[in-house]
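A short reminder: the numbers here are calculations on the coordinates, not readings from a lab. The structure presented is a predicted model; accordingly, all values stated were derived computationally and were not measured. Cβ atoms come from the backbone with ideal geometry, glycine included; neighbour counts cover every protein chain shown.
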2 protein chains.
Amino acid sequence: MGLKLDPWGHFAIESYEKLFKQFGIEPIDNVVDKLPKKHHYFTRKIVFGHRDFDKWLNGLHNGERVAVLTGFMPSGHVHLGHVMVFEELRYYQELGVSINVVVADAEAYAVRKIPRKKVFEYAREYITYAYAVGLDPGRTRIYFQTNSDTTYYRLIQLFSRKISMAEMEAIYGELEPAKIMAAFTQAADILHLQLPEYGGYKWVLVPVGADQDPHIRLSRDIADRYGRELGLNRPASTYHKFIRGLDGNKMSSSKPDYAIFLDDDASTIRYKVLNALTGGRATAEEQRRLGGEPWKCTVYELYLYHLFKGDKELLKLYEDCTSGRILCGEDKKRAVKLLLEVIDGLKARAREYSSVVEDYVAFPKF
Amino acid sequence: MGLKLDPWGHFAIESYEKLFKQFGIEPIDNVVDKLPKKHHYFTRKIVFGHRDFDKWLNGLHNGERVAVLTGFMPSGHVHLGHVMVFEELRYYQELGVSINVVVADAEAYAVRKIPRKKVFEYAREYITYAYAVGLDPGRTRIYFQTNSDTTYYRLIQLFSRKISMAEMEAIYGELEPAKIMAAFTQAADILHLQLPEYGGYKWVLVPVGADQDPHIRLSRDIADRYGRELGLNRPASTYHKFIRGLDGNKMSSSKPDYAIFLDDDASTIRYKVLNALTGGRATAEEQRRLGGEPWKCTVYELYLYHLFKGDKELLKLYEDCTSGRILCGEDKKRAVKLLLEVIDGLKARAREYSSVVEDYVAFPKF
């Protein structure tokens, strides 16, 4: 009942609740007021939880060296789920924070077993759209795991000293060699920015999906154990939800019919949205009488994440839907129109950046 | 009985026999005739076994690109056991072969848990004595695992794709994360010389102690699986015995009383050798009557490995001993004299190289 009244932030939040209890992730609510600038991701609890984000924000307020790092796994074409992360980074860049993006190409090849050539094709697409969303190429550091330098690799080699197999298994479950390599590589990604060679950032924030929390936990353990040797602070992290696919499950390139890809053409997008799972009733009459259920609706989620940035218009939609004033057909058509505007804009800007990106992806040898 | 008649090559060979049967290592005998130049390590079966050494030798004969790579774990002071490996490398360098030495500093820190500063102190000593034994600094490539470059590190990251945990455990037994990292690092050490960036050597020989065979097996498996992708051949390997310590067990820096260190002073060396375990009898009378048992004697082993390079003088000693013509006291005094000559010579040459070595060990930051 309480959930129904919240026009944002309750989608599948139940499954995230256990993260708060089991792993000590804090709800985002208690730090939202400290943000120098609001963003609907925070107020709508799309970014729903954190670790030590308050410390990071204090560092920002106090003029200390702060940075953001996040990673992309180039394992498929760019879809709307990725756009959210690019937008999150753009928000931090606007705050004047150092932005660092790692392309997890080693993990894509070794763990996900994607051919190297494919990995680089996807990476090209990711980077192009990161810029298209608004990241400034001149102020954004993007690097590939397999194309970094010696000090970074030294961390990967040396961190394993202080982590036992039992600890790894407690964090990750069953392990294969490739996953162990990937875990220490991610730890180096997260922690290397604190070294003087990489800017000596005191507070590093890692915005991730909740499924990436194991890497955060490992990195925080390593930071604790190398505190004296390397002077590392624990990294901070925020956790975002994933926009659902149009079938109501996680949006994923492995289910292309239910994901909105940036390179989908207009008719494909129209077809997908018009066939999306909604919170509508069985008949129009019933819907006018009972109202729709937006908390079940994947089209409402498009508005929540991407199409309505203003809270007032989102709230009006929510009320129009739950009161039965608007029906799904009409709502979907508007979503298609707005979504095509967003995606056409991104496509146009992506074309401008395609030559900038070529520099990055010139080394796919093995 | 048969063993007794062999003045070389039978020391603890029983424990090596199973390597032939269980792991398919070939006896060295069948390739000794193909060596372009004899060395007493081969004729005395100090180097007792191999894999694909015949292929490597064919490559050498046919003028193909051949290289040797071996590694040092800088985990203690240099002792006579290490000198043997330096001498083996010197022999190959004389044949005109490319010589590559990896300092396993990542493994020393992460697996053996030696402080980084100590690792570099030991490494300085190893490199200095490698030159003192006769390696040419201008023609020897020495690198540290934590101070290499991107393509090498890329191999470490990517090789794990095709090796499962079950396969790792079959090769190495129980594993910790640090051992897994070290294993893939060693695979990169062994295989990277075949890449064009590192000389594109077609045939790479890795002379190791038998305890290092797991790394050889892993590297050969990886070479098979990346044959098409990277064009890798299986590495060849030779296996040497270890000179025993003066108590009859493996010479090791962890038992300093029974090892001969290069930085021991003359009186320490004299004391150690005079107290060494021999194959002598209970009384001088008995020894004259029955003869000594050189196959039990650690002093005889000093002659076998280091002091008598000519086979005739070694054979004479063997006969003098087994026939009871020479007693242990006299034999030990001569060993001390010859050993001090060898070590004083190495020390003198080591001093000449100390400044050359400083370039190598200038980066111990973490």
Cβ neighbours within 10 Å from other chains - mean over A:163-169: 3
Whole-Hz couplings from phi, Karplus 6.51/-1.76/1.60, listed for segment B:279-284; x for Gly and Pro: x, x, 8, 5, 10, 4
Long-range amide H partners of A:G209 with built H, under 5 Å: A:H240
In sequence order, calculated HN-Hα J values of segment A:246-252 (Karplus, 6.51, -1.76, 1.60; Hz; x Gly/Pro): 6, 9, x, 9, 4, 5, 8
Percent of beta bridges antiparallel (DSSP, the protein assembly as shown, rounded to nearest 5): 30 percent
7 Å along Cα→Cβ, label-point gaps from B:D263 to other copies, nm, shortest first: 6.0
Computed Kirkwood radius, in angstrom, where 1/r is averaged over Cα pairs of segment B:256-351: 13.8 Å
Part-to-part distance (alpha-carbon centres) for segment A:250-295 and segment B:118-134, which is given in Å: 68 Å
Label point distance in nm, B:E330-A:K21, each placed 7 Å from Cα along Cα→Cβ: 8.7 nm
Average beta carbon contacts from partner chains per residue of A:144-151, 10 Å cutoff: 5
Computed helical MRE - 222 nm, chain B, DSSP H runs ≥ 4 contributing -39500 (n - 2.57), nearest 500: -15000 deg cm²/dmol
Cα-only Debye scattering, chain B: base-10 log of I(q)/I(0) at q = 0.09, 0.13 Å⁻¹: -0.53, -1.09
Beta carbon of chain B nearest to the axis of the rotation taking B to A, residue and angstrom distance: B:Y153, 2
Folded to 0 to 90 degrees: helix B:80-94 orientation relative to chain B principal axis, Cα: 60 degrees
Fraction of antiparallel bridges per DSSP, chain B only, in percent to nearest 5: 30 percent
Calculated label separations, A:F20, copies of the chain, 7 Å along the beta-carbon direction, nm: 7.1
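Based on the mean of other Cβ atoms within 10 Å per residue, sort peptides B:66-76, B:328-338, A:167-177 so the most packed one is first.
Ranking, from highest mean packing down: B:66-76, B:328-338, A:167-177.
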Cα-centred dipole magnitude for segment A:256-351, charges only on beta-carbon of K, R (+1) and D, E (-1), debye, nearest 20: 180 debye
Ascending list, in nanometres, of distances separating the A:G199 label from those of the other copies (7 Å, Cα toward Cβ): 3.9
Hull volume in cubic angstrom per residue (convex hull over the Cα atoms of the protein assembly as shown): 176 Å³
Amide H partners (placed H, <5 Å) of A:F72, local residues excluded: A:V102, A:V103, A:A104
Residue-by-residue Karplus 3J(HN,Hα) for segment B:289-298, coefficients 6.51, -1.76, 1.60, Hz, glycine and proline x: 7, 9, x, x, 10, x, 5, 9, 9, 6
Cα-Cα over 23 Å, subset of B:K118/B:K337; B:K38/B:K250; B:K162/B:K365; A:K365/B:K162: B:K118/B:K337; B:K38/B:K250; B:K162/B:K365
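For segment A:77-163, compute Rh as the Kirkwood radius over C-alpha pairs and then the Stokes-Einstein diffusion coefficient at 25 °C and 0.890 mPa s; write the answer in µm²/s, rounded to an integer. Each step should come with its number before you reach the end.
Values: Rh = 14.4 Å.
Stokes-Einstein gives a translational diffusion coefficient of 170 µm²/s.
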Alpha-carbon centroid distance for the pair segment A:305-366 / segment A:74-91, whole angstrom: 12 Å
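Counting only other chains, what is the mean number of Cβ atoms within 10 angstrom of the Cβ of each residue in peptide B:347-360? Mind dumping the intermediate values first?
On the way: counts 0, 0, 0, 0, 0, 0, 0, 0, 0, 0, 0, 0, 0, 0.
Mean shielding count: 0.
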In degrees, nearest ten, helix B:150-159 long axis to first principal axis of chain B (Cα): 90 degrees
Trypsin sites (Lys or Arg not before Pro) within segment B:9-88: DSSP coil, no more than 11 neighbouring Cβ in 10 Å: B:K37
Degrees, to the nearest 10: A:328-358 long Cα axis against longest axis of chain A: 30 degrees
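Treat segment A:31-100 as a sphere of radius equal to its Kirkwood radius over Cα pairs and apply Stokes-Einstein at 10 °C in a medium of 1.306 mPa s; give the translational diffusion coefficient in µm²/s, rounded to a whole number. Write out the running numbers ahead of the final one.
Working: Rh = 13.3 Å.
D = 119 µm²/s.
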